[in-house]
1. Look through region 244-256, keep the residues that are in contact with a Lys or Arg (Cβ under 8 Å, 6 or more places away or on another chain) and either of a type in the set (V, I, T) or at positive phi (or both), and return whichever of them is most open to solvent (accessible area, probe 1.4 Å).
2. Considering only region 330-349, I want to know if a residue exists there that is under 25 Å from F30 (Cβ atoms), surrounded by fewer than 23 Cβ atoms within 10 Å (Cβ to Cβ) and in contact with a helix residue (DSSP H, G or I) (Cβ under 8 Å, 6 or more places away or on another chain).
3. Exactly one condition in (1) out of contact with any Cys (no Cβ under 8 Å at 6 or more places or on another chain); (2) open to solvent by 10 Å² or more (accessible area, probe 1.4 Å); (3) of a type outside the set (G, A, S); (4) over 30 Å from R89 (Cα atoms) is not met by E215; state its number.
4. Taking the residues in region 208-241 that are outside any helix (DSSP H, G or I) and without any contact (Cβ under 8 Å) to a residue 60 or more places away in the chain as candidates, determine which candidate is nearest to Y187 (Cα to Cα).
5. Hey, among E284, E253, which residue is in a strand (DSSP E or B), touching a residue at least 12 places away in the same chain (Cβ under 8 Å) and out of contact with any helix residue (DSSP H, G or I) (no Cβ under 7 Å at 6 or more places or on another chain)?
6. So which residues in region 263-293 are closer than 15 Å to V27 by Cα and within 20 Å of the chain's Cα centre (by Cα), if there are any at all?
7. Counting only residues that are surrounded by 12 or more Cβ atoms within 10 Å (Cβ to Cβ), within 18 Å of P216 (Cα to Cα) and β-branched (V, I, T), which one in region 408-437 is modelled with the highest pLDDT?
8. Could you list, in sequence order, the residues of region 169-195 that are under 18 Å from G143 (Cα atoms) and either part of a loop (DSSP other than H, G, I, E, B) or open to solvent by less than 10 Å² (accessible area, probe 1.4 Å) (or both)?
Amino acid sequence: MEERYFQKEIETMSEAQIKDVQSKRLVEQFAWAYNNVAFYRARCNEYGISPSDIHGIQDLEKMPFMTKDDLRATYPYGLFAVPLKDVVRVHASSGTTGKQVVVGYTKEDLDIWDDITARQLVAVGATENDVVHVSYGYGLFTGGFGLHGGATKLGCMVVPVSSGNTQRQVTILHDFKCTILACTPSYAAYIGETVRDMGMSPDDLCLKAGIFGAEPWTEGMRHEIEKMLGLKAYDIYGLTEIMGPGVSYECREQHGMHVNEDHFIVETIDPDTHKKIPDGEKGEIVFSCLTRKAFPLLRFRTKDIGVLNRTPCSCGRTFVRMSKPMGRTDDMLIIRGVNVFPSQIESVLLAKGYPPLYQIIVGRENNVDTFEVRVELTEMHFSDVVADVRRKENELAAALQSTLQITAKVKLVAPKSIERSQGKAKRVIDTRNLHDN
């Protein structure tokens, strides 16, 4: 089958052409951010760098890094480079203490976002004749709107279902003859189980491809989803700070995710020394936005660990490929597509009068993440009345849900029952085995 592209001339540029485009856009973007974002200008002045020092991608390493702490420090609009009247949408991701990271988009930014997600759709075989069932969440989370926009741009029929009510989802998949499913991999697996529980099989559906992201998943899980739903499962990568889903994506070869290099520069660094690491070696992934005007983030440290690969891909796309993230440099967990930090849980416990004696137990059953928080009672909180314990567990679960935006099972345990450590406390037990091949 002949390979199709959404924007062939761009997606198949030579390495020299890519570098030329990136150099020109980096010079413009650095000047744009420097001149329009006071926080960024002050940061650059600390480093003794101004627009006159930037002449192309060879000067990228002169620029300071940006981190999530910088985004929190400027909450909500301190990194916006345009007046609020020019911002047509905002999205947000959770922060470590419940304060969200807020990002903005101009109309032009949204057009670019639509383009890059449309590229993935075409790469998995989509055309204007397809029906795209979007089960990512709609709202401040970028997932739903990201795939929705790309599918609309391509001319597909979009079914904006969002998540939840899974039996209804299966009925819609069947009755609407949906051909492409977009959601988190764990939810795709749950949909597959529901198909089976409803007495149906993959043959009863018209699905041919799935675009799954927002959480870690293994090759074993990929094969299981493909078997349950009768489709080919593709990975997509994105983060709210840079754009959302579509920053990079798998083609049919599935040997890494192509980074949309006309809009983003990707590099890997040593997380300790901050020095650039050669392609092919494992390092922290860093992204720079080249065309985003409302939120022109440069050299953003993602905390994701991965590898870059510039060898030619047989699909014909020339953009660099990045591996699935192989871990994190911080303590963030991704559970059912939601970013969860132990410090968020700790802040809730302290606010409710509990000491920070807890463990987070994350597992995976039937391809769906399980999430339990065990909290040690103090002598003051301890009760041998079952009804009292259940009431306190429910109160804590509700408080965690409000902060984390995800449901956790809370289990209160007896005083001194959580193992003490002489070194760093063992806060997280994650048994999901997310790095198998």
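1. Result: G256.
2. If we filter region 330-349 for residues that are under 25 Å from F30 (Cβ atoms), which is where we start, we get none.
No, region 330-349 contains no residue that is under 25 Å from F30 (Cβ atoms), surrounded by fewer than 23 Cβ atoms within 10 Å (Cβ to Cβ) and in contact with a helix residue (DSSP H, G or I) (Cβ under 8 Å, 6 or more places away or on another chain).
3. Only one criterion in (1) out of contact with any Cys (no Cβ under 8 Å at 6 or more places or on another chain); (2) open to solvent by 10 Å² or more (accessible area, probe 1.4 Å); (3) of a type outside the set (G, A, S); (4) over 30 Å from R89 (Cα atoms) is unmet by E215, namely (4).
4. Within region 208-241, the first condition is being outside any helix (DSSP H, G or I), and the residues that meet it are 208-218, 230-241.
Now narrow it down to the ones that are without any contact (Cβ under 8 Å) to a residue 60 or more places away in the chain: 210, 212, 230-231, 233.
Numbers: G210: 11, F212: 9, G230: 15, L231: 15, A233: 13 Å.
Step by step, filter region 208-241, then rank; the result is F212.
5. Details: E253 fails: in a strand (DSSP E or B).
From the options E284, E253, the qualifying one is E284.
6. Taking region 263-293 and keeping what is closer than 15 Å to V27 by Cα, we get 263-265, 288-293.
Within region 263-293, H263, F264, I265, S288, C289, L290, T291, R292 meet the criteria.
7. I429
8. Passing the criteria: Q169, I180, L181, A182, C183, T184, P185, S186, A188, A189, I191.
The values are calculated or read from the model by the stated rules, or taken from the named source; none is laboratory data. Every value quoted in this text rests on a predicted model; they were computed, and no experiment measured them. Note that each Cβ is placed from the backbone with ideal geometry, even for glycine, and that neighbours are counted across all protein chains shown. These area figures cover heavy atoms from the full protein model, side chains too; ligands, DNA and RNA do not enter into them. Shrake-Rupley method; radii C 1.70, N 1.55, O 1.52, S 1.80 Å.
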